[in-house]
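Data block below; observations after.
The values are calculated or read from the model by the stated rules, or taken from the named source; none is laboratory data. Keep in mind it's a predicted model, so treat the numbers as computed, not measured.
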Amino acid sequence: MSKKEFEQRWARKFLREMLSAVEECVGKLEKSMEDTKESNNVLGENIDDLRKQSNDIVTMCLTSNRDSVQELLDSKRKKLTREEQYFRSHGDDFEGGNNGYDDDFKHKNRGARERAGLVPNNRGEKSVKYSTQ
């Protein structure tokens, strides 16, 4: 065997080993890419699930807030209805009045004056407080 043939065989053997190593690396890279795609799909599903859960939580909170506001409005509406009925039934006995916010509120009837009185509320305004007894 000549020196040239020996070098060619050695070069072919080296190239085969290099090709084998490159093929092994490509195989590992392809496996890694498959794993990455699978992880990406799982993450996408988790993101969708979290988005749905978030939407459900926001909907639940908004519904709860809406219900609370509705209860508050219903309570205020009932209170205003009672006050309106009271003022309508005692309307001839009042001078001024301004719906209970007049500082110079005067009442003609002493008995009704004892049942209704001005009291400050949490905003510093005066409100009519009345007793049905």
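May I ask you to list the residues in the stretch 5-21 that are among the aliphatic types (A, V, I, L, M) and within 60 Å of the chain's Cα centre (by Cα)? Residues satisfying the conditions are MET18, LEU19, ALA21. Test of understanding: among SER89, SER54, which residue is modelled with pLDDT of 95 or more and of a type in the set (Gly, Ala, Ser)? After ruling out the rest, the residue left standing is SER54.
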